[in-house]
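The structure appears right after this line, and notes come after that.
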């Protein structure tokens, strides 16, 4: 399938927060010099939603407030695909597992290495905290949803990145107070400011900031969400 590189693709990004009540740090890595999108920048793990992500069975869905807000100003029914993409990208780019111990005998091909760890994906610990669309003029454009994840929910050794792909280099836990000293995309700086303002608050935010960049205008919105019919 040919991908339209000028289209805005749905994407999921994971901000993993470690030791949030003591010396908080976030997991970041550096994109390659030859990368078409944000070369050399330090970023959170994440990437575009794949078509198969919508069909990945999750042991637990996203929390209700997050599920509802993801539906605001969006194509209906993307929640499961976004959650699955967040878990998959975290695994692929860092080798860290978000999930629960369970057999998964028939995973899709791009989940086979994850399933081989003896886990199945669980979205219950992901918290939707930020959304931004890449401004016009970039070689790639994404409608990225940022999920906050407490590192305590990760399975295994938080410092073991041996199963990571080579998409991000220099993977490391960066003290939150030092993260903005790195070479960051502008939108990553904004996301860090949002996280820093609520680092010790574990409740879902009352609303989610949304930078909506289009060819016509740039808007800063707040997504409050509309309660949906209860879901499994």
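Computed from the coordinates by the stated procedures, all read-outs in this text should not be read as laboratory data. Owing to the predicted nature of the structure, the values given are computational and were not obtained by experimental measurement. Because the Cβ atoms are built from the backbone with ideal geometry, glycine has one as well, and the counts that use them run over all protein chains shown.
Considering the zone a paramagnetic label at residue 218 would reach in this model (a point 7 Å from Cα along the Cα-to-Cβ line), which residues of the range 179-202 have amide N under 11 Å from it?
So the set is 186-187.
Quick one: 88, 69, 20, 180, fewest Cβ neighbours within 10 Å first, how do they rank?
The fewest-first ordering by Cβ neighbours comes to 180, 20, 88, 69.
When a footprinting reagent is the concern and you count Cβ atoms within 10 Å, what order do 148, 223, 78, 90 take, fewest first?
Sorted ascending by nearby Cβ count, the order is 78, 223, 148, 90.
Arrange 220, 42 by Cβ neighbour counts within 10 Å, fewest through most, would you?
220, 42
What distance in nm separates the two pseudo spin-label positions at residue 106 and residue 153, each 7 Å out from Cα along the beta-carbon direction?
Distance between the two pseudo-spin positions: 2.9 nm.
Estimate the FRET efficiency between residue 54 and residue 200 by the formula 1/(1 + (r/R0)^6), using the beta-carbon distance for r and 22 Å for R0, to the nearest 0.05.
It comes out at approximately 0.05.
If the chain were replaced by its equivalent ellipsoid, with semi-axes equal to the square roots of 5 times the Cα gyration tensor eigenvalues, what would those be, largest first, whole Å?
Ellipsoid half-lengths, sorted descending, are 23, 21, 20 Å.
Compute the distance in nm between two label points, each set 7 Å from the Cα along the Cα-to-Cβ direction, one at residue 186 and one at residue 207.
In this crude label model, residue 186 to residue 207 measures out at 2.2 nm.
Got the relative contact order for the chain handy, in percent, Cα pairs under 8 Å and 6 or more residues apart?
Dividing the mean separation by the residue count of the chain yields 28 percent.
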